Amino acid sequence: MKPDTFTLGQNRQISIGGVTLAYLAEKYGTPLYVLDYETIVRRIRDYKDALNELCSPGQAFYAGKAFLCQAMAGLLDQHQMGLDVVSGGELYTALQAGFTPERIMFHGNVKTREEIAYALTAQVGHIVCDSMDELERIEEEAARLGCLAPVLLRITPGIEAHTHEFIRTGQFDSKFGFGLADGLADRAVERALDLEHVMLKGLHAHIGSQILEEDPFVMNTETLLRYGLDWNRSRGWWPEVLNIGGGFGIRYQPGDHPPRLTTVVSAINELLLHLTPKELPVPRIFMEPGRSIIAEAGVTLYRVLVKKSVPGGKHYLAVDGGMGDNIRPALYQAEYRAAIDGKVDRADMETVTVAGRYCETGDVLMKDITLPVAAVGDLLVVFDTGAYNYSMASNYNRVPRPAVVLVHQGQDYLWVARESYQDLIRADNPYAMTAAEHR
Ligand code: LLP
């Protein structure tokens with residue numbers, strides 16, 4: 001879709017958060033990531049309101065992998081959101097921003113010993129354990145530090161959500177978590193219950209990303225709940241928490257129909273009421289939305305720098321960014337919608353392929369998209385780029401990463417500065433080889 005505050009002004013100029021995109025492009029340069037405060041905060045509220053309706057109020061943990069910087073962590077903390085981090089780097093970003101450690105969920109299928117120790121020392125609220133090796137590593141580090149590690153076990157429930165193959169993680173042969181079918185999950189629970197410094201708080205399962213159906217989320221919850229019941233019968237253990245992961249899809253294209261959060265949550269509530277034995281507390285439901293919080297809040301601004309028609313009738317618009325700031329079209333054949341600022345709803349249209357500036361044939365942002373006839377110098381606005389764009393950006397071709405600007409009520413706030421050429425060489429050690437040669 002578009003940011004909630006999208007408006008068209010005189011001369012068909014687009015504004016977001018009360019600021020014209022033309023002004024932002026002029027002030028900060030292009031390419032530029034723009035994020036709308038209002039959209040982010042509304043999505044956060046949607047999750048909070050929905051999860052508060054549960055008979056045992058749930059908690060949302062924003063998935064930092066979708067987009068994270070210190071200001072974002074600060075905003076989330078202000079709104080009492082939880083935060084799912086998957087690396088020491090994401091954890092560091094959050095802690096530096098003063099994020100409440102208790103509301104941090106530490107994830108990742110490969111956590112180093114140092115990262116585990118870092119998370120334990122920081123006293124994060126939960127660590128999601130992904131493998132037997134890691135379970136032992138968590139026990140050892142917790143013993144060394146003299147603490148109890150609050151652990152959720154990541155289960156692979158075997159639910160196949162209809163989404164792009166690369167981002168489907170719930171299937172049995174996934175590299176993530178403990179398989180239910182092959183008995184690995186049983187062994188993990190058994191072992192976790194025996195470990196002295198591991199406090200087994202619950203179960204986790206994430207079944208994929210950009211899921212456009214409602215049922216898989218409910219099935220996932222039911223699978224975890226029933227698995228908890230098995231353990232309650234066999235060993236008297238009962239999960240305090242069921243973390244059902246992220247994955248709510250958004251409307252990238254007009255044909256995409258995202259699942260309704262309130263529908264999913266009320267179905268989950270029914271399950272909880274129906275399946276939880278009377279004598280046991282209802283488990284708390286945790287969710288980890290990334291894309292559905294931040295994707296629609298973001299747009300990317302590019303300057304059209306080249307128009308080129310090639311034999312065979314293909315027309316290219318080439319812009320000053322591309323796969324370095326948005327790898328998703330090249331990696332997942334992701335499709336985006338776009339507009340030409342100042343020309344929205346104009347009648348003269350053309351079908352073009354929007355190419356990026358990177359030295360790869362595959363660096364194409366949009367194939368055969370119909371847009372108003374653009375001229376060199378126009379501003380191309382790509383929608384729904386808030387998630388997995390900045391966070392997956394690279395310095396390929398030694399192109400500095402764009403700035404991130406937040407807009408709200410007519411004001412703009414620089415969240416992340418554009419990288420400079422100096423930033424690109426900051427970690428270089430230019431004389432290392434020269435010194436060796438002269439030894
Ligand atoms: N929790 C876990 C354990 C995850 O692995 C993920 C995403 C999320 C939560 C958040 O999922 P979301 O609500 O954002 O769908 N780079 C890919 C997406 C990879 C998602 C990986 N895991 C893309 O650009 O589409």
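The values are calculated or read from the model by the stated rules, or taken from the named source; none is laboratory data. All figures in this text were calculated on a predicted structure; none of them were measured in a lab. Here the Cβ is made from the backbone with ideal geometry for all residues, glycine too, and neighbour counts use every protein chain on show. The accessibility values were calculated without ligands, DNA or RNA, using every heavy atom of the protein model including side chains. Shrake-Rupley method; radii C 1.70, N 1.55, O 1.52, S 1.80 Å.
If you take the residues in the range 277-291 that are surrounded by fewer than 19 Cβ atoms within 10 Å (Cβ to Cβ) and touching a residue at least 24 places away in the same chain (Cβ under 8 Å), which one is farthest from the ligand (Cβ to nearest atom)?
Filtering the range 277-291 down to residues surrounded by fewer than 19 Cβ atoms within 10 Å (Cβ to Cβ) leaves 277-282.
This time we only want the ones that are touching a residue at least 24 places away in the same chain (Cβ under 8 Å), so: 277, 280-282.
On the way: P277: 28, L280: 26, P281: 24, V282: 22 Å.
Only one residue fits best here, namely P277.
Tell me, which helices (runs of 4 or more DSSP H) lie completely within the range 162-276 with 1 or more residues that are within 12 Å of the ligand (Cβ to nearest atom)? Please lay out each step first, then the result.
Values: elements: 184-194, 215-235, 261-275.
Answer list for the range 162-276: 215-235, 261-275.
How many residues does the range 311-356 hold that are touching a Leu at 6+ places or on another chain (Cβ under 9 Å) and away from the ligand (no atom under 16 Å from the Cβ)?
21
Condition check: touching a Leu at 6+ places or on another chain (Cβ under 7 Å), of a type outside the set (D, E) and over 20 Å from G246 (Cα atoms). Does L76 satisfy that? Steps first, answer last, please.
Numbers: touching a Leu at 6+ places or on another chain (Cβ under 7 Å): yes; of a type outside the set (D, E): yes; over 20 Å from G246 (Cα atoms): no.
In short, no.
Just for the range 80-89: of the residues that are touching a residue at least 12 places away in the same chain (Cβ under 8 Å) and open to solvent by 30 Å² or more (accessible area, probe 1.4 Å), which one is nearest to the ligand (Cβ to nearest atom)? So that I can check it myself, show each step before the final result.
At the first step, the residues of the range 80-89 found to be touching a residue at least 12 places away in the same chain (Cβ under 8 Å) are 80-88.
Keeping just the survivors that are open to solvent by 30 Å² or more (accessible area, probe 1.4 Å) gives 80, 86-87.
Numbers: Q80: 19, V86: 7, S87: 12 Å.
Looking at residues that are touching a residue at least 12 places away in the same chain (Cβ under 8 Å) and open to solvent by 30 Å² or more (accessible area, probe 1.4 Å), I get V86.
Among the residues of the range 61-76, is there at least one that is away from the ligand (no atom under 16 Å from the Cβ), closer than 27 Å to Y118 by Cβ, more than 17 Å from the chain's Cα centre (by Cα) and in the same structural domain as E270 (by TED's automatic domain parsing)?
For the range 61-76, residues away from the ligand (no atom under 16 Å from the Cβ), closer than 27 Å to Y118 by Cβ, more than 17 Å from the chain's Cα centre (by Cα) and in the same structural domain as E270 (by TED's automatic domain parsing): absent.
Count, please, the residues in the range 196-235 that happen to be under 13 Å from G247 (Cβ atoms) and among the polar types (S, T, N, Q). First the steps, then the outcome.
Applying the first criterion (under 13 Å from G247 (Cβ atoms)) to the range 196-235 yields 204-221.
Those still in the list that are among the polar types (S, T, N, Q) too: 209-210, 220-221.
Here the count works out to 4.
I'd like the residue in the range 103-122 that is basic (K, R) and more than 18 Å from G177 (Cβ to Cβ) and, out of all such residues, is least open to solvent (accessible area, probe 1.4 Å). Steps first, answer last, please.
Within the range 103-122, the subset basic (K, R) is 103, 111, 113.
After this cut, where a residue has to be more than 18 Å from G177 (Cβ to Cβ) as well, the list is 103, 113.
Working: R103: 42, R113: 94 Å².
Within the range 103-122, the match that is least open to solvent (accessible area, probe 1.4 Å) is R103.
How many residues are of a type in the set (S, T, Y), open to solvent by less than 20 Å² (accessible area, probe 1.4 Å) and assigned to a loop (DSSP other than H, G, I, E, B) when one looks only at the range 336-375? Quick ask: steps written out before the conclusion?
Step one: filter the range 336-375 for residues of a type in the set (S, T, Y), giving 336, 351, 353, 358, 361, 370.
After this cut, where a residue has to be open to solvent by less than 20 Å² (accessible area, probe 1.4 Å) as well, the list is 336, 353, 358.
Among the residues that remain, those that are also assigned to a loop (DSSP other than H, G, I, E, B) are: 336, 358.
Residues meeting the conditions: 2.
For the range 199-215, enumerate the residues that are of a type outside the set (S, T, Y) and open to solvent by 10 Å² or more (accessible area, probe 1.4 Å). It would help to see each step written out before you state the result.
To start, the set of residues in the range 199-215 that are of a type outside the set (S, T, Y) comprises 199-208, 210-215.
Across the range 199-215, the qualifying residues are M199, L200, K201, H206, Q210, L212, E213, E214, D215.
Mind listing whichever residues of the range 108-125 are farther than 19 Å from K65 by Cα and of a type in the set (D, E)? Please lay out each step first, then the result.
Going through the range 108-125, the residues farther than 19 Å from K65 by Cα turn out to be 113-114, 117, 120-123.
Passing the criteria: only E114.
What about T39, is it polar (S, T, N, Q) and open to solvent by less than 10 Å² (accessible area, probe 1.4 Å)?
Values: polar (S, T, N, Q): yes; open to solvent by less than 10 Å² (accessible area, probe 1.4 Å): yes.
The answer is yes for T39.
Check whether at least one residue in the range 70-87 is assigned to a strand (DSSP E or B) and over 30 Å from H257 (Cβ atoms), and report yes or no. Walk me through it before giving the result.
In the first step, residues of the range 70-87 are kept if they are assigned to a strand (DSSP E or B); the result is 82-85.
Filter once more, so that each one left must be over 30 Å from H257 (Cβ atoms): 85.
So far as the range 70-87 goes, yes, one or more of its residues are assigned to a strand (DSSP E or B) and over 30 Å from H257 (Cβ atoms).
Those residues that are open to solvent by less than 10 Å² (accessible area, probe 1.4 Å) and not in a strand (DSSP E or B), I need them from the range 292-335; list them, please.
I293, I294, A295, A297, G321, G322, G324, D325, N326
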